[in-house]
1. Straight distance only, please: which lysines reach the Cα of B:Lys125 with their own Cα at less than 24 Å, same-chain residues fewer than 8 apart left out?
2. C:Lys66 accessible area, nearest 10 Å², 1.4 Å probe?
3. Are there GluC sites (Glu not before Pro) in segment B:228-312 that DSSP marks as loop and that have at most 11 other Cβ atoms within 10 Å, and which are they?
4. Please work out the average accessible area per residue across chain B, using the 1.4 Å probe convention, and give it in Å².
5. I'd like to check one number: the per residue accessible area of segment A:168-232, probe 1.4 Å, reported in Å² as a whole number.
6. Work out the length of the dipole vector of segment A:20-109 about its Cα centre, built from +1 on the beta-carbon of each Lys and Arg and -1 on the beta-carbon of each Asp and Glu, and round it to the nearest 20 debye.
7. How many square angstrom of accessible surface are buried between C and B, both sides summed, with a 1.4 Å probe and rounding to 100?
8. Loop only per DSSP, at most 14 neighbouring Cβ atoms within 10 Å: give me the trypsin sites (Lys or Arg not before Pro) in segment C:83-135, ordered by residue number.
Amino acid sequence: MSTAVEFLNVARHFGPASAPVRAVDGVDLTIAEGSFFAMLGPSGSGKTTCLRLISGFEKPTGGTIRIFGEDVSNTPPHLRNVNTVFQDYALFPHLNVRDNVAYGLMVKGMGRAKRYAKADEMLALVHLDSHGDRKPSQLSGGQRQRVALARALVNEPRVLLLDEPLGALDLKLREAMQDELKALQKRLGLTFVFVTHDQHEALSMADSLAVFSEGRIAQIGSPQDIYNRPATRFVADFVGSSNILPPDLTRALGGPAEWASLRPEATHLAATGPVSGTVTALRYLGAGTRVVIMMGETEVAALVPAGQPVPAEGQTTSITFDQKALHLMGST
Amino acid sequence: MTTMKLMAASALALLTGLSPVLAQVTEIGAPEGQVNIVAWAGYIERGETMKEFDWVTKFEAASGCKVNVKTANTSDEMVALMNEGGFDLVTASGDASLRLIAGDRVQPINIDLVPSWSTVDERLKDAPWHTVDGVHYGVPYMWGPNVLMYNTEVFPEPPTSWSVVFEEQNLPDGKSNKGRVQAYDGPIHVADAAQYLMFHKPELGITSPYELNEDQYKAALDLLRAQRDLTSRYWHDAFIQMDDFKNEGVVASGSWPFQVGLLKSEGLPIASVIPQEGATGWADTTMMHVDAANPNCSYLWMEHSLASNLQSDLSVWFGANPAVLAACTDGRGMQTAEGCTANGLDDFEKIRFWTTPVSNCAQGEGACVPYYRWVSDYIGVIGGR
Amino acid sequence: MTTSAILPARGLADRLTALFWRHPRVLLALLLTPPLLWLGVVYLGSLAALLLQSFYSIDEFSGVVKEEFTLKTYTELLRPSNFDILVRTVTMAAAVTLACAILAFPIAYFAARYARGHWKAAFYLGVMLPLWSSYLVKVYAWKLILAKEGIIGWAAAQTHTSWIIDSILSIPGFESSSLSTSPIGTFMVFVYIWLPYMILPMQAALERVPNSMLEASADLGATRAQTFRTVVLPLALPGIIAGSIFTFSLTLGDYIIPQIIGNSANFIGMAVYQLQGTAGNIPLAAAFAVVPILIMLIYLALARRMGAFDAL
């Protein structure tokens, strides 16, 4: 499998050279062809800038970007064989749905009959066959999202970029669209690059993902890697609801003196143990109850499966876990 | 709307005949404390434009009548304001005065209550623009000719004929007059053309430039069409015309003594002349509203308006001729005999004063072309038709 | 134990507020009545009176207005000398609008898409500043600029480019002795005076076009020219139409500029002024005044058909 997108030490700085804002700094990245790649990170972490560097709306101030092996540093957006689904969809309000979808074909000079046929085909793919004559303002959020998708896909891009495409949808619709997007990607065999700040979305959809922090990639890997073996405290904190244990607590609990992450589902309550704490919060989750225990300065959460006894708030308790569940992240 | 209706009404009154003589004021009572006057700009000065030109403040102190002035820019505006009412006096020109009389907007004046009447220029006392059937409807205020203003560098000798602005020719400097002359941007200018024809084409039989039958009128329009080719721009604003003489290379145009005086005072090579064909002109009369709320102050002002020192200063200020001849010579104001001569005092007979053309004229009922056609046709001429 | 009131004692203001709360339409009616009265009675009333006057006629013989319904005055409008005025005014308004649109677009585009911070402030200042000074002052200033012995003439003489002005002034139909007395001068001053009225709505419209719309177009393969034609222009159209309504109608109605700059040939506004002011021919003045209203209605209908208001 070849490489779809490659970043070599790419930087994008804004502002004066003396005091630059490093939106993207020293990023190395390879995205395999046909993969579903997610860029995850909080806002301002550089993930959207990376996406815009691929689409060509931003020019790198350092490094090299290759798309299918070709250096695109000097290629304007309209000459790149990539298409974007924008966060706000950016549908043209003065065109109807069919003309929106056919836009990319129109500017390339394709005849009306031919481009409309292709647009209708693409609308069928996103289940909007009967909406071609409507204006975008007459559609719901989810429908607009599909039009944006169809409009990008009709150009048969080799890489499809999606900038938080599901952010504006409500929860139910979002989950449905997640499945649909994933299925579509599988069916078309395209490379999808997907920007999101929602870790659940990233973990559930992506084949591999990069976690961004302050313009750099904190970790890159499969969802399992990222979730189970976060490389840094930032990743552990951002990706999962893992407990992050400081070195002294890790040692007190029987591990080495290192930062460690411990997933709540691997944490069990125990009447006695090396360290005890007070239950400060309980959250009923249906499949279990999340119990938060204050251990010194650190909050540690444990997931108690349904059916097992749950301590009351204010009660003192200790924890126990399999040492193998402890993921160490170094002493600093 | 009201104005429109009233104007129509007054035009109607003008045509249905003049009204009967109304009762006159027989004696002047106690001053009411104020007098409201509709006047041309610059006609009633209280030293606010230039300190030395003030003929109001002393009158106010002496008579106890506060003078309130409403300036009007056209004769029609004056008629409209008088129709609305609320004013005591108006300084009406000949093309407004008869309309006001016909419309019963002004009342006869008892000249016995105006002692200075005896000093008024004999040529103005019974002038037809304020005297109807021997009854006086106002006291004369000021008059002036529409002179031919010219650039003395181009004309070492004063031009003798209005032909310099009517017919294409080379001026004394050897260059054509095309694009270097102006004409007045008002339909009344048709009369200037008619007056020129009166002199040069006697076979047309024009007797008055304000009373033209269809043939005479057509000849005047043809002359004006030829003038259109010579004229880059027509003038209607005195200051724009002065600017055009300064910056646009205009060297000859019909004008008022007012502009001539101002340009001369700036040291520009400008002079004026009344050519052999004569000139049109304007003569204004102070008239009193039929329902004047302040008749006593009005009479006091009319008497004051004929004071030779006021007349003297006024004629200097406006570059026109006083209604009182003594103003030129008695030294009570700034005017001098030479100044009056320069303003055209001796040319009274050469001047045909503005009056509104109406269809019923000396040539017969409906024989003459009425003013409204002058307006629309002159618009056409300026538009190149 | 005494029960204290839960609700505070209510005064007149509170009772009024409560009334408005229960019947929101009462407040709306109270707020709308005065402006609607003004609009309805004063504005529409005078418009109706104007329309009515235009169906009267003036008696050719006596010059008196006859208050009888007739279309004679409108046929008079079509007399060559009057029709000239209509054609001249509409042509000028169209030319001024076109020139304003072409000049305003780059300025508005820069301001909407690129200007930030100080540049934006400078833009607003630059566009608005001319609006703060008196209209007459500006027109008289232009008279001096365009005069035969004015700034442009002087600059042309200094740079030996007077032949450019001379050749412009010898174009058939525009012949004159200087720019200030030529229709071209009138056109230039109109464009200058009304330009802000084109820039501001245009800039507002362009500012409402989201950047992502332009990016989407480029992303889909459109060149800049294609994006301009198929996205920017249609989306900015309401602003362009709004601006053109200003420039077009303002030029149609203006009677000051052509009096001061130009060859004294009449425009609709000047004709109305003269006809009603000095000639007493109210019906013809009213008929002239109706023309711009009709033209604007046609113009708006066309704009609507073109889809100028679809994006509103």
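1. Output for B:Lys125: B:Lys350.
2. Approximately 80 Å² for this residue.
3. Here the GluC sites (Glu not before Pro) that fit, given the DSSP loop and packing criteria, are B:Glu266.
4. Accessible area per residue: 38 Å².
5. For segment A:168-232, the solvent-accessible area averages 48 Å² per residue.
6. Here the size comes out at about 140 debye.
7. Protein heavy atoms only, the C-B interface buries about 3500 Å².
8. Sites meeting the loop and neighbour criteria: C:Arg116.
The values are calculated or read from the model by the stated rules, or taken from the named source; none is laboratory data. Bear in mind that the values here come from a model prediction, so they are computed numbers and not experimental data. So basically every Cβ, Gly included, is an ideal-geometry build from the backbone, and we count neighbours across all protein chains shown. Accessible surface is based on the protein model in full, side chains and every heavy atom, while ligands, DNA and RNA are left aside. Shrake-Rupley method; radii C 1.70, N 1.55, O 1.52, S 1.80 Å.
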